[in-house]
1. Find all pairs meeting these conditions: Cβ atoms under 7 angstrom apart; at least six residues apart or on different chains; first residue within the stretch 46-69 and in contact (Cβ under 8 Å) with a residue 12 or more places away in the chain; second residue of a type in the set (S, T, N, Q) and open to solvent by less than 60 Å² (accessible area, probe 1.4 Å).
2. Name the residues in the stretch 43-59 that are of a type outside the set (Asp, Glu), touching a Leu at 6+ places or on another chain (Cβ under 8 Å) and open to solvent by less than 70 Å² (accessible area, probe 1.4 Å), would you?
3. Just to be sure, is Gln83 touching a residue at least 24 places away in the same chain (Cβ under 8 Å), assigned to a helix (DSSP H, G or I) and within 17 Å of the chain's Cα centre (by Cα)?
4. I'm checking my understanding of the structure. Among residues of the stretch 20-36 that are open to solvent by 100 Å² or more (accessible area, probe 1.4 Å) and either touching a His at 6+ places or on another chain (Cβ under 9 Å) or free of Cβ contacts under 8 Å to residues at least 12 places away in the same chain (or both), which one is nearest to Glu61 (Cα to Cα)?
5. Among the residues in the stretch 55-69, are any assigned to a loop (DSSP other than H, G, I, E, B), within 17 Å of the chain's Cα centre (by Cα) and aliphatic (A, V, I, L, M)?
Amino acid sequence: IGDGVRRPEKLQPLIDLVYHKYPNFCDTMRRRADVYNESRQRLFQLEREGRVMLFAPTSTEGFHRTERDVEKIRALWQDGWDQGMARLDEAEAFLGGR
C-alpha cells in the first residue's frame, strides 16, 4: 500500500493460534498497525509545528518489509539520498545553520 498507512495484520488469527503461549506477543502484533499509525500521525503533527523535519520515501508501493530485491532496496535508499541532498539547505537552516 503506497499511502504509508499500516493495515491490521491479515494473519492475526494464525499468529494467535501459533503463538498462543505468548499472549503479550499476540497483543503486540494485534496493536502493531494502530501504534504505527498513531506514531506516524504524531510525527506529521510535530513537523507541522516545526519541531521536527521528516524525510520519507516518495512511495513504498511494491516494497515489502522483508524485501530481498537488491535493486528495490537500492532504489529506496537512492530516493532517501536524493531527498536529503535536495533539502540540504533546509536541513542546515532547521539545525541552526551548522
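The values are calculated or read from the model by the stated rules, or taken from the named source; none is laboratory data. Just so it is clear, the model here is predicted, and its values are computed rather than measured. So basically every Cβ, Gly included, is an ideal-geometry build from the backbone, and we count neighbours across all protein chains shown. SASA here: full protein model, heavy atoms, side chains in, ligands and nucleic acids out. Shrake-Rupley method; radii C 1.70, N 1.55, O 1.52, S 1.80 Å.
1. Pairs that qualify, where the first residue is in contact (Cβ under 8 Å) with a residue 12 or more places away in the chain and the partner is of a type in the set (S, T, N, Q) and open to solvent by less than 60 Å² (accessible area, probe 1.4 Å), are Phe55/Gln83.
2. Going residue by residue through the stretch 43-59, those that are of a type outside the set (Asp, Glu) are 43-46, 48, 50-59.
After this cut, where a residue has to be touching a Leu at 6+ places or on another chain (Cβ under 8 Å) as well, the list is 43-44, 52, 54, 57.
Scanning the stretch 43-59 gives Phe44, Val52, Leu54, Pro57.
3. Numbers: touching a residue at least 24 places away in the same chain (Cβ under 8 Å): yes; assigned to a helix (DSSP H, G or I): yes; within 17 Å of the chain's Cα centre (by Cα): yes.
It is true that Gln83 is touching a residue at least 24 places away in the same chain (Cβ under 8 Å), assigned to a helix (DSSP H, G or I) and within 17 Å of the chain's Cα centre (by Cα).
4. Pass one, the stretch 20-36, residues open to solvent by 100 Å² or more (accessible area, probe 1.4 Å): 20-22, 24, 30-31.
Keeping just the survivors that are either touching a His at 6+ places or on another chain (Cβ under 9 Å) or free of Cβ contacts under 8 Å to residues at least 12 places away in the same chain (or both) gives 20-22, 24, 31.
Values: His20: 32, Lys21: 34, Tyr22: 32, Asn24: 30, Arg31: 23 Å.
Of everything passing the filter in the stretch 20-36, Arg31 is nearest to Glu61 (Cα to Cα).
5. Going residue by residue through the stretch 55-69, those that are assigned to a loop (DSSP other than H, G, I, E, B) are 55-69.
With within 17 Å of the chain's Cα centre (by Cα) added as a condition, the list becomes 55-67.
Checking which are aliphatic (A, V, I, L, M) leaves us with 56.
There is at least one residue in the stretch 55-69 that is assigned to a loop (DSSP other than H, G, I, E, B), within 17 Å of the chain's Cα centre (by Cα) and aliphatic (A, V, I, L, M).
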